[in-house]
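Engineer: Quick one: this structure, given as structure tokens, is what I'll be asking you about.
Just so you know, all these numbers are worked out from the coordinates, no wet-lab data involved. Model, not experiment: these values are computed from the prediction. Cβ coordinates were reconstructed from backbone atoms using ideal geometry, including for glycine residues, and neighbour counts include every protein chain displayed.
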Amino acid sequence: MSAPTSNPISGDRSAVAGVRFDTPAQDPGFDTLEPWQLNPKVALRPEPFGALLYHFGTRKLSFLKNLTVVGIVKSLADHDSAEAALLAAGVSPAQRPLYLQALTALADSGMIVPRAA
């Protein structure tokens, strides 16, 4: 039996559940080169700490505690790709894994969805 290649609990913040996000091709569920948008069934409410996301279909509530993530999520529909939204937000290469991790979690929970090009 082989050991996992990364341990998300060990402090490697660029990994979630053993999946690394160093390049978009490594996570087939979230492709930064594709267009994304806030799910039409999701309401985003700005708050002093960031924002609340409420999914009317699943009744799931999410908290965004980072204003840059809020800005990226709000701007996804205005950009040709998630990559363009990240670049427009000024996300540096060093910060990129954390923002990809956040966007992947939002995609996995259905808060953001692929947009028809």
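Engineer: Residue by residue, what Karplus-based ³J(HN,Hα) values in Hz, rounded to whole numbers, does region 62-70 have, using 6.51, -1.76 and 1.60 with θ = phi - 60° and x for Gly and Pro?
Structural biologist: With coefficients 6.51, -1.76 and 1.60, one gets 10, 10, 9, 9, 9, 5, 5, 4, 4 Hz.
Engineer: Turning to a different aspect of this structure: Which of rounded, prolate, oblate describes region 36-113, given a ≥ b ≥ c as roots of the alpha-carbon gyration tensor eigenvalues and a/c under 1.5 marking rounded, otherwise prolate only if a/b is larger than b/c?
Structural biologist: prolate
Engineer: Check each of the chymotrypsin sites (Phe, Trp or Tyr not before Pro) in region 49-117 and keep only those in coil by DSSP with at most 15 other C-beta atoms within 10 angstrom; list them in order.
Structural biologist: Numbers: sites: Phe49, Tyr54, Phe56, Phe63, Tyr99; in loops: Phe49, Phe56.
Listed in order of number, the matching sites are Phe49, Phe56.
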